[in-house]
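No value in this document is a laboratory result; all are computed from the given coordinates. Here the structure is a predicted model, which is why all the values come from computation and not from measurement. Glycine gets a Cβ as well: all are built from the backbone with ideal geometry, and neighbour counts include every protein chain shown.
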């Protein structure tokens with residue numbers, strides 16, 4: 001009787017093994033880098049909210065590495081910039097905010113964060129001069145008008161900010177970014 005149990009136990013194991021092989025044969029496990037990037041970004045956001053900046057930076061860098069050329073990567077760069085600014089690495093923050101704007105120039109928040117970083121680096125006037133010179137060469141440079149508006153707003157010069165925003169909106173009436181600029185302009189004029 002012991003031998004029968006032994007054979008029955010092995011027979012059951014063999015059947016289970018055959019069934020498993022049938023189910024898993026030919027199946028593939030695909031790693032979705034974009035999905036994993038989003039997971040790492042979300043974990044980084046959690047760390048950022050918990051003021052755990054170094055782990056947040058690591059998570060954002062992993063997210064960027066997993067999806068370097070996707071539109072969502074701009075958001076990962078923006079989050080990385082927020083983390084860098086939190087640890088007072090403003091020069092690194094500026095670089096990654098610039099990259100966020102470069103990847104996806106339709107998010108007003110990225111521009112605002114970049115200008116806030118200019119303020120943290122004490123380079124508002126230097127950048128205002130830079131954008132003003134670019135406008136001298138090309139009055140139709142809408143992005144420079146946008147940056148001037150943001151810088152003036154950050155400096156507390158509301159009327160100059162309003163003028164710059166209006167010039168931007170006249171140059172770019174149909175851009176997605178213009179809607180956000182318009183909302184910001186409304187808020188400025190209501191808070192005068």
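A few points about this structure:
- Likely footprinting exposure, 92, 145, fewest C-beta neighbours within 10 Å first: 92, 145
- Ranked packing of 58-64, 116-122, most packed first, by mean Cβ within 10 Å: 58-64, 116-122
- For the peptides 95-103, 68-76, 124-132, the ranking by packing is 95-103, 68-76, 124-132, with the highest mean count of neighbouring Cβ atoms within 10 Å listed first.
- Sorting 49, 40 by the number of Cβ atoms found within 10 Å of their own Cβ, with the fewest placed first, yields 49, 40.
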